[in-house]
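The block underneath contains the structure these notes are about, expressed in structure tokens.
The values are calculated or read from the model by the stated rules, or taken from the named source; none is laboratory data. Small disclaimer: the values here were computed from a predicted structure and weren't measured. Heads up, the Cβs are rebuilt from the backbone with ideal geometry, glycines too, and the neighbour counts pull from every protein chain shown.
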Ligand code: NAD
Ligand code: FES
């Protein structure tokens with residue numbers, strides 16, 4: 001059992017939870033995730049580890065409460081316990097001394113981006129962060145990212161905060177800057193966003209890493225649920241990823257697989 005120490009609402013339906021999980025806190029590296037079940041028999045939900053404090057024995061998770069199972073996890077109050085938190089899983093982010101890097105977060109994806117961007121800055125990279133959302137309430141972690149980024153640029157679709165438009169417009173401007181292209185781009189967010197970022201960087205030959213979030217079940221490479229196609233080859237996001245070269249990902253098949261259970265998910269959501 002894993003005790004919930006705090007649970008705060010960051011944005012509509014987005015919770016930041018801190019859990020007691022000493023062994024995971026000691027072992028976790030940036031980019032890794034856990035699989036959570038609120039109670040025995042529940043659906044397994046993969047969640048990126050936002051941060052960890054090995055001394056305190058705690059990890060933090062960002063939970064988007066959109067379906068029946070994520071709403072159940074997000075409803076846990078301090079003092080409650082979650083039944084299973086398995087991990088750390090997946091490969092850590094490839095943290096190299098790239099130089100000038102752009103970290104792009106779309107909506108809830110910004111929560112997944114945060115530990116990657118922090119690890120890149122800790123490695124001495126010059127991090128420009130670009131985060132976007134539908135409107136001001138959906139912009140998260142701007143101050144936290146600002147603590148280690150050279151610059152944080154914000155975009156909203158309705159113009160209620162920062163520049164009006166998509167994150168890709170801000171990236172396009174960065175690529176055109178006189179000091180030249182960033183050496184690497186990390187993008188996390190909705191699939192159409194990651195696909196658009198990859199198409200933008202492709203002609204410039206900029207290394208582009210995206211974090212994929214296909215359906216996951218066991219998280220250990222056994223079930224095949226998280227299969228994605230990368231460079232024409234099947235890969236399992238839970239053991240080969242979740243980060244992949246954005247120029248090699250088959251985004252069309254990823255979109256198809258993500259929408260496969262939409263009707264069933266909606267039925268479960270309405271049943272709760
Ligand atoms: P959203 O749809 O509100 O989009 C957030 C921002 O992403 C937009 O404001 C825009 O700046 C950018 N964006 C979206 N579509 C774009 C496009 N076609 N071109 C360029 N930029 C675009 O995001 P949300 O509702 O917060 O996110 C929900 C989605 O994110 C879900 O599908 C969820 O599965 C996914 N998600 C992915 C990850 C991951 O690890 N990749 C993590 C969390 C959530
Ligand atoms: Fe089962 Fe990845 S979640 S193989």
Q. Restricting the search to the range 6-24, which residues are closer than 17 Å to residue 78 by Cα and in a strand (DSSP E or B)?
A. 6, 7, 8, 9, 10, 14, 15, 16, 17, 18, 19, 20
Q: Give 182, 137 a once-over and let me know the one that is under 20 Å from residue 11 (Cβ atoms) and touching a residue at least 24 places away in the same chain (Cβ under 8 Å).
A: 137
Q. Are any of the residues in the range 141-152 modelled with pLDDT under 95, part of a loop (DSSP other than H, G, I, E, B) and within 13 Å of ligand 1 (Cβ to nearest atom)?
A. yes
Q) Out of all the residues in the range 53-82, which are more than 18 Å from residue 213 (Cα to Cα) and in a strand (DSSP E or B)? A) 53, 58, 59, 60, 81, 82
**Q.** residue 131 vs. criteria surrounded by 22 or more Cβ atoms within 10 Å (Cβ to Cβ) and away from ligand 2 (no atom under 16 Å from the Cβ)
**A.** yes
Q) Taking the stated definitions as given, is residue 93 touching a residue at least 12 places away in the same chain (Cβ under 8 Å), touching a helix residue (DSSP H, G or I) at 6+ places or on another chain (Cβ under 6 Å) and in a loop (DSSP other than H, G, I, E, B)? A) yes
